[in-house]
1. Of all residues in segment 1-25 being of a type in the set (Ser, Thr, Tyr) and part of a strand (DSSP E or B), which is farthest from the ligand (Cβ to nearest atom)?
2. With a cut-off of at least 2 residues that are surrounded by fewer than 13 Cβ atoms within 10 Å (Cβ to Cβ), name the helices (runs of 4 or more DSSP H) lying wholly within segment 136-239.
3. Need the failing condition index for Trp8 against (1) surrounded by fewer than 23 Cβ atoms within 10 Å (Cβ to Cβ); (2) in contact (Cβ under 8 Å) with a residue 24 or more places away in the chain, just the number.
4. Go through segment 86-110 residue by residue and tally those that are buried (at least 18 other Cβ atoms within 10 Å of the Cβ), more than 21 Å from Glu12 (Cβ to Cβ) and in contact with a strand residue (DSSP E or B) (Cβ under 8 Å, 6 or more places away or on another chain).
5. Could you list all residues from segment 26-37 that are within 12 Å of the chain's Cα centre (by Cα) and within 10 Å of the ligand (Cβ to nearest atom)?
6. Every residue in segment 127-184 that is of a type in the set (Ser, Thr, Tyr), more than 19 Å from Ser212 (Cβ to Cβ) and in contact with a Ser or Thr (Cβ under 8 Å, 6 or more places away or on another chain), please.
7. Which members of segment 47-69 meet the condition of being of a type outside the set (A, V, I, L, M, F, W, C) and either open to solvent by 50 Å² or more (accessible area, probe 1.4 Å) or under 10 Å from the mean Cα position of the chain (by Cα) (or both)?
8. Determine whether Thr77 is open to solvent by 10 Å² or more (accessible area, probe 1.4 Å), part of a loop (DSSP other than H, G, I, E, B) and either at pLDDT below 95 or under 21 Å from Asn221 (Cβ atoms) (or both).
Amino acid sequence: MLLEEMSWNIVEEMLETVKTIILPYGSCEAHGFHAPLFTDTKLAFEIANKAAEELNVFIAPVIPYGICRTTRGFSGTLSLSFDSLKILTYDLIKELAETGFEEIILFTAHCGKSQMIALREAGFSYTKNSHKSKVFLVSAADLVDERIKKLTESPLYHADELETSLMLFLEPSLVNMDKAVKETPQVPKYLIKTTGRPWMKSSVLGDATKASYEKGEKIFNLLVDNLVQIIKDFQTPLM
Ligand SMILES: [Zn+2]
């Protein structure tokens, strides 16, 4: 059900019975010395893809950029501005709605504060002007429950035990555990800044050294289960 792999006429045909689409968001962002820049993009795609298989819903092409304010300044981090992400998302929601999708799920594996606000604002602007389609916003962080926290030994923030474990499971050839570190940078909370780089060495926030393939496999399946359940709840007609 990958939109990009289908011809338009098949999409039109399938839209007669399937009205739900997931629009996944990743980022191009520093994830430590040990993991690739497209970590969030890979996670967004794989989680959404597995959930979509179970639910029989469409998936739109992944947006490979996000708003990455803390990791700006690390080479390869490419951050969008707030307005760019909001306008892009608003345009895509409108286009998806006009195509006939009635439930549009914005699913982001990059969960920064500005990212979440931009996506929410885009959905809000659309909903204020049209009731044609419903827009939902779910982040990977929303899917982390007590079962997942029990599987991990360290607090979860960024390029950490959780993300690294998932990448060891999904794309092990791009993870170098010899370079994984534990870092808890003291980024000043109340200072308005354009990058967190002066306070960070590796761009890891958490403990990537605790990651493993086994944890990644279990965590991945739980994240997918939780997304499937959330989408099933959306699809239940509101009373
Ligand atoms: Zn990430």
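The values are calculated or read from the model by the stated rules, or taken from the named source; none is laboratory data. Bear in mind that the values here come from a model prediction, so they are computed numbers and not experimental data. With ideal geometry, Cβ positions are generated from the backbone for all residues, glycine too; neighbour counts draw on all protein chains shown. Remember, those area values only see protein heavy atoms, side chains included, never the ligands or the DNA or RNA. Shrake-Rupley method; radii C 1.70, N 1.55, O 1.52, S 1.80 Å.
1. Within segment 1-25, the match that is farthest from the ligand (Cβ to nearest atom) is Thr20.
2. Output list reads 146-151, 213-235.
3. Single failed check for Trp8: (2).
4. Looking only at that region, the number is 6.
5. Once the filter is applied, which keeps residues that are within 12 Å of the chain's Cα centre (by Cα) and within 10 Å of the ligand (Cβ to nearest atom), segment 26-37 yields Gly26, Ser27.
6. Our first condition is that a residue be of a type in the set (Ser, Thr, Tyr); within segment 127-184, this holds for 127, 130, 133, 139, 152, 154, 157, 164-165, 173, 184.
Filter once more, so that each one left must be more than 19 Å from Ser212 (Cβ to Cβ): 127, 130, 133, 139, 184.
The answer is Ser139, and nothing else.
7. Lys50, Glu53, Glu54, Asn56, Pro61, Pro64, Tyr65, Gly66, Arg69
8. Judged against the criteria, Thr77 is not a match.
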